[in-house]
1. For region 204-301, state the semi-axes of the equivalent ellipsoid (square roots of 5 times the eigenvalues of the alpha-carbon gyration tensor), sorted largest first and rounded to whole angstrom.
2. Please state, as a whole number in µm²/s, the translational diffusion coefficient that the Stokes-Einstein equation yields for the chain at 25 °C and 0.890 mPa s, with Rh defined as the Kirkwood radius across alpha carbon pairs.
3. Using a 1.4 angstrom probe, figure out how much accessible area the chain has per residue, in square angstrom, rounded to the nearest whole.
4. Which value at 222 nm does the chain reach when only helices count, each DSSP H run of 4 or more adding -39,500 (n - 2.57), with the total divided by all residues and rounded to the nearest 500 deg cm²/dmol?
5. So how do Y233, Y185, Y222, Y284 rank on accessible area, 1.4 Å probe, biggest first, that is with the largest at the start?
6. Of all accessible surface on the chain at a 1.4 Å probe, what whole percent is carbon and sulfur?
7. For region 144-299, calculate the relative contact order in percent as a whole number, restricting contacts to Cα pairs under 8 Å that are 6 or more residues apart.
8. What is the log10 of I(q)/I(0) for region 150-281, computed with the Debye formula using one identical point scatterer on each Cα and no solvent, at q = 0.14, 0.19 Å⁻¹?
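The values are calculated or read from the model by the stated rules, or taken from the named source; none is laboratory data. The model shown is predicted, which means the values in this text are computed figures rather than measured ones. Just the protein is used for accessible areas: all its heavy atoms, side chains included, with ligands, DNA and RNA removed. Shrake-Rupley method; radii C 1.70, N 1.55, O 1.52, S 1.80 Å.
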Amino acid sequence: MTRVGIPLAITLQVISSFLFASGATLQHLGVKSTFDPNATASSNRLTLMGMLKLLLIPKWLLGLLCVFSGAGLHLWALTMAPVAVVQPVGILAVPWSVVLSSRIHGHQIPFRVWRAVLVTVIGVVGFTVFSSLFAKGEKQFGFMPITWSFIVVCVVCVVLSFFAAKKAAPWAKAIMWSSVGAIFYGLASGMMKAAMNMVQSGQFHLMHPTTLVVIGYMLACYGLGAWMIQQGYASGPAEITVGTMTTVDPFVAVLFGLFVLGEGAGMGAGPAAGMIISGAVAVYGVVMLSKDHPDAVAEREKTAKESAAVKD
């Protein structure tokens with residue numbers, strides 16, 4: 001690792017976080033353009049036909065290009081600096097997305113929104129530091145634990161999707177849809193790591209049936225995650241989806257590594273408690289952002305006025 005490696009890696013990750021925020025904002029605008037602008041955002045639902053239409057919307061495709069470019073810079077940064085250095089910088093995507101949204105929609109950023117962003121950033125950075133410094137156990141491979149993790153995540157996501165569609169409060173719909181997508185993305189990262197471990201161990205080659213099944217799990221998670229993230233864009237502001245993804249995605253990937261791949265072997269109670277507390281802080285920050293975002297506040301006020309008018 002050269003003397004310029006870490007500063008360059010941090011610079012690349014800052015650019016990557018901006019590209020991810022820009023891509024999310026553009027994709028959010030693309031998804032929103034397929035719905036009635038006067039409709040209640042939380043009631044929007046993206047259909048399969050609507051998803052296919054996104055492939056014809058230039059701003060959505062430009063957003064996809066930004067996301068892919070950001071991912072490429074992120075991987076490049078990881079080749080020059082430790083995860084503990086690079087990963088926390090990625091949370092800058094949340095404030096970037098808040099600023100971009102305010103510029104595009106012309107609304108002021110309330111203090112309560114910045115407070116929610118700060119809480120989220122502190123939680124994610126803390127979680128990343130604890131997981132990077134202390135999750136250094138021996139990597140293990142077991143096909144059944146990987147399969148069971150895929151089944152359990154699918155069941156959990158089905159339940160969350162049901163609540164997002166039928167039971168969630170309007171302000172919570174975007175965070176729930178985005179959480180489902182982020183859970184799938186996080187598991188996909190874990191599956192990718194599992195497949196790499198399998199090949200590197202020498203026990204399985206790339207085209208071995210077991211390896212291909214794990215890769216199949218990974219691709220399924222990416223596909224389902226992409227679908228749910230677009231639902232998040234449809235039902236709420238882009239920065240809520242960005243905040244949820246940058247919080248939930250790494251949590252799931254790290255937990256998969258700890259419990260399924262055995263990377264948590266030897267981790268003490270202190271670091272584990274630190275991860276739990278940091279994770280809870282980050283989730284609380286995203287919930288605050290979802291409830292206090294100007295769009296969520298405006299929708300609540302609109303609903304209250306409509307309810308009052310009906311009663312009168």
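1. Values: eigenvalues 203, 104, 7 Å².
Rounded to whole Å, the semi-axes are 32, 23, 6.
2. Reported coefficient: 121 µm²/s.
3. Details: 15140 Å² over 312 residues.
Counting only protein heavy atoms, the per-residue value for the chain is 49 Å².
4. Values: 12 runs with 242 residues, N = 312.
It lands at -26500 deg cm²/dmol.
5. Details: Y233 5, Y185 45, Y222 80, Y284 135 Å².
Largest to smallest exposure gives the sequence Y284, Y222, Y185, Y233.
6. Working: 10880 of 15140 Å².
With neighbouring chains kept in place, the figure for the chain is 72 percent.
7. Relative contact order for region 144-299 comes out at 31 percent.
8. -0.68, -1.06
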